[in-house]
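One structure is given below, encoded as structure tokens.
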């Protein structure tokens, strides 16, 4: 059952950008590129690490309110300790700006 | 910032080459300066941070653009380092072997050209990741499984070309490859196997075509740039049952491997099963600091505490059964009875596992071809991000597995590192993949890790074990260990290299193969 749920989650993640027409464009980018490590819940390496280094209240990126767009762009392009960098061939500068906007719009 | 130039190339000549590349792909897809930070190896083990620094990167969108770039590189004498998805982390990521090389980033070539449900194959470009192909198959509703390695963001093509492995019955990725399209170092385009026959309908069905089987020449090599590749996909079986078998003592490894050999060679164990060490399993849902704040090897009492808390063994087999229920029942009876001979053996299924991030749940996905990344939680064990794989190959024999294990474990403990590993079981061999974790921010730890790694390579080679794959920084070291008959194999590789790539523009130093223009200055 766990396996089935996870498999379905991955599939939904991939197509959610197309289905959720009212979602901000950065949401689909996050789901596609970041969620596999940074979504809420167990089995996410980035969330696990941030819980240890920053504390549980700062572990889930989509729930953070303290992130700055320039910081996000820097971390994506340069990586941060455990996280590897992302190349412009994977996420171009325009997409990165959308991603940074999504993570800094103060959503709860 | 002073530009990093390819060796022997003037700033003017380099600028001319970049201008030529821009005319081919457009200004937006030639990267220089700050953008190159994303092409650095984030987990570099060597103290020289510039050892594998790119001078630029160029990202074509088509085979025709790759051909044009290769021709321009020949004209200007500029070396290229092809990458597919660039996620070969722990082996160098997107970085080139030789500092100053231009990365040829093929990520934008990400088309899934064909999937045949009836014949069970896909034809893909280099930038197609496991996530991409999985999503495509699901969206189309094909009853096909792909075989995935642990990093789901990796390239289907790149992993097969690097001799990577996965965990279904199709786990030997290069064995499941069928048909390539290759841009040669002079820009000429070649199709291998049946692809050479105009109008053929069997390019992804029959590997060998007519004449020498040359696809292997384009794996772990610098003889060509593969732009299309066929990969066989497994028909969805009528049943699937993942399992875990745990063993309680270190010394059980010998008996476990000897039991496992006839089961694997006789195909009773159907998939590319793995034996995982205690700490590698534990590290997927816990960190070292939860158990100790002291450096050095963990005492037996702590190891036993981890085993009890996580309900895992000192060694843990992760495998799966595939087929109709009656077939799975019969195979399981043989497997269970065989391993029951080891005292203290425990058998586990998904429904028995209580931990929220239990590894069997992740393995249950990867052993049926669902791509994930969650197992990389293991790098959180000590924190600091750095990790590198030491990957010697041995027979599937208990005495050899124990010899490798004790040899590597003792050295790792001597240097202050925890031992964590996977024994991945192939058709006739064990890949002993040892994960060496280090803090990438600590130069003194990195120096120790580098020293340890080179020592392990030498000691393994002296015992007759060679690595199947390695990080950029150790390609020369490991190539040198394959030195039978006065390095006859390397001489052959160099002869091929010089014939195909006389100007030495393609991936200098890949797997220790240097073109004539750099030979001597780098080896």
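The values are calculated or read from the model by the stated rules, or taken from the named source; none is laboratory data. As the structure is a computational prediction, the values presented were derived from the model and not from experiment. Because the Cβ atoms are built from the backbone with ideal geometry, glycine has one as well, and the counts that use them run over all protein chains shown.
Among the residues making up segment B:494-523, those that are assigned to a helix (DSSP H, G or I), in contact (Cβ under 8 Å) with a residue 12 or more places away in the chain and out of contact with any helix residue (DSSP H, G or I) (no Cβ under 8 Å at 6 or more places or on another chain) are B:494, B:497, B:498, B:500. How about segment A:68-87: which of its residues are in a loop (DSSP other than H, G, I, E, B) and more than 17 Å from residue A:31 (Cβ to Cβ)? Within segment A:68-87, A:68, A:79, A:81, A:82, A:84, A:85, A:87 meet the criteria. Among the residues making up segment B:338-355, those that are assigned to a loop (DSSP other than H, G, I, E, B), more than 9 Å from chain A (Cβ to nearest Cβ) and surrounded by 15 or more Cβ atoms within 10 Å (Cβ to Cβ) are B:342, B:345. Considering (1) farther than 24 Å from residue B:434 by Cα; (2) surrounded by 18 or more Cβ atoms within 10 Å (Cβ to Cβ); (3) within 14 Å of chain A (Cβ to nearest Cβ), the lone condition that residue B:335 does not fulfil carries the number (3).
Looking across segment B:6-27, the residues that are surrounded by fewer than 17 Cβ atoms within 10 Å (Cβ to Cβ) and more than 14 Å from chain A (Cβ to nearest Cβ) come down to B:7, B:8, B:10, B:11, B:12, B:13, B:15, B:16, B:19, B:22, B:23.
Given the criteria part of a strand (DSSP E or B), in the same structural domain as residue B:424 (by TED's automatic domain parsing) and in contact with a helix residue (DSSP H, G or I) (Cβ under 9 Å, 6 or more places away or on another chain), does residue B:316 qualify? Show your work before the answer.
Details: part of a strand (DSSP E or B): yes; in the same structural domain as residue B:424 (by TED's automatic domain parsing): yes; in contact with a helix residue (DSSP H, G or I) (Cβ under 9 Å, 6 or more places away or on another chain): yes.
Answer is yes for this residue.
Checking each residue in segment A:80-98 for being out of contact with any strand residue (DSSP E or B) (no Cβ under 8 Å at 6 or more places or on another chain) and within 14 Å of chain B (Cβ to nearest Cβ) picks out A:80, A:84, A:85, A:86, A:90, A:91, A:92, A:93, A:94, A:95, A:96.
Out of the residues in segment B:28-54 that are away from every other protein chain (no Cβ under 12 Å) and within 22 Å of residue A:76 (Cβ to Cβ), state the one that is surrounded by the fewest Cβ atoms within 10 Å (Cβ to Cβ). So that I can check it myself, show each step before the final result.
Applying the first criterion (away from every other protein chain (no Cβ under 12 Å)) to segment B:28-54 yields B:45-53.
Remaining after also requiring within 22 Å of residue A:76 (Cβ to Cβ): B:49, B:52-53.
Numbers: B:49: 11, B:52: 26, B:53: 19.
Of everything passing the filter in segment B:28-54, B:49 is surrounded by the fewest Cβ atoms within 10 Å (Cβ to Cβ).
Take residue B:79 and tell me if it is buried (at least 22 other Cβ atoms within 10 Å of the Cβ) and more than 14 Å from chain A (Cβ to nearest Cβ). Against the criterion (buried (at least 22 other Cβ atoms within 10 Å of the Cβ) and more than 14 Å from chain A (Cβ to nearest Cβ)), residue B:79 qualifies. Might you check whether a residue that is outside any loop (DSSP other than H, G, I, E, B) and within 30 Å of residue B:74 (Cβ to Cβ) occurs anywhere in segment B:457-466? No, there is no match, as no residue in segment B:457-466 is outside any loop (DSSP other than H, G, I, E, B) and within 30 Å of residue B:74 (Cβ to Cβ).
Looking at the structure I just gave you, is residue B:198 away from chain A (no Cβ under 14 Å) and crowded, with 24+ Cβ neighbours inside 10 Å?
Numbers: away from chain A (no Cβ under 14 Å): yes; crowded, with 24+ Cβ neighbours inside 10 Å: no.
Taking the combined requirement at face value, the residue does not satisfy it.
Of all residues in segment B:377-400, how many are facing another protein chain (nearest Cβ under 8 Å) and in a loop (DSSP other than H, G, I, E, B)?
So in segment B:377-400, the residues facing another protein chain (nearest Cβ under 8 Å) come out as B:377, B:379-380, B:383-385.
Keeping just the survivors that are in a loop (DSSP other than H, G, I, E, B) gives B:383-384.
Result for segment B:377-400: 2.
Residues being at positive phi, outside any strand (DSSP E or B), more than 10 Å from chain B (Cβ to nearest Cβ) and modelled with pLDDT under 90 are represented in segment A:99-108 by at least one member. Here residue B:68 does not fit the description of being modelled with pLDDT of 95 or more and either assigned to a loop (DSSP other than H, G, I, E, B) or within 12 Å of another protein chain (Cβ to nearest Cβ) (or both).
Of the numbered criteria (1) surrounded by 22 or more Cβ atoms within 10 Å (Cβ to Cβ); (2) more than 10 Å from chain A (Cβ to nearest Cβ); (3) at pLDDT below 95, the one residue B:374 fails is (2). Checked against (1) assigned to a helix (DSSP H, G or I); (2) surrounded by fewer than 20 Cβ atoms within 10 Å (Cβ to Cβ); (3) over 19 Å from the mean Cα position of the chain (by Cα), residue B:441 meets all criteria but (1). For segment A:45-57, the criterion of being outside any helix (DSSP H, G or I), within 14 Å of the chain's Cα centre (by Cα) and either within 14 Å of another protein chain (Cβ to nearest Cβ) or free of Cβ contacts under 8 Å to residues at least 60 places away in the same chain (or both) is met by none of the residues. For segment B:356-371, the set of residues classified as within 9 Å of another protein chain (Cβ to nearest Cβ) and more than 23 Å from residue B:250 (Cα to Cα) consists of B:356, B:357, B:361, B:362, B:364, B:365, B:368, B:370, B:371, listed by residue number. Out of all the residues in segment B:154-162, is one or more within 14 Å of chain A (Cβ to nearest Cβ), under 16 Å from the mean Cα position of the chain (by Cα) and part of a loop (DSSP other than H, G, I, E, B)? Yes, because at least one residue in segment B:154-162 is within 14 Å of chain A (Cβ to nearest Cβ), under 16 Å from the mean Cα position of the chain (by Cα) and part of a loop (DSSP other than H, G, I, E, B).
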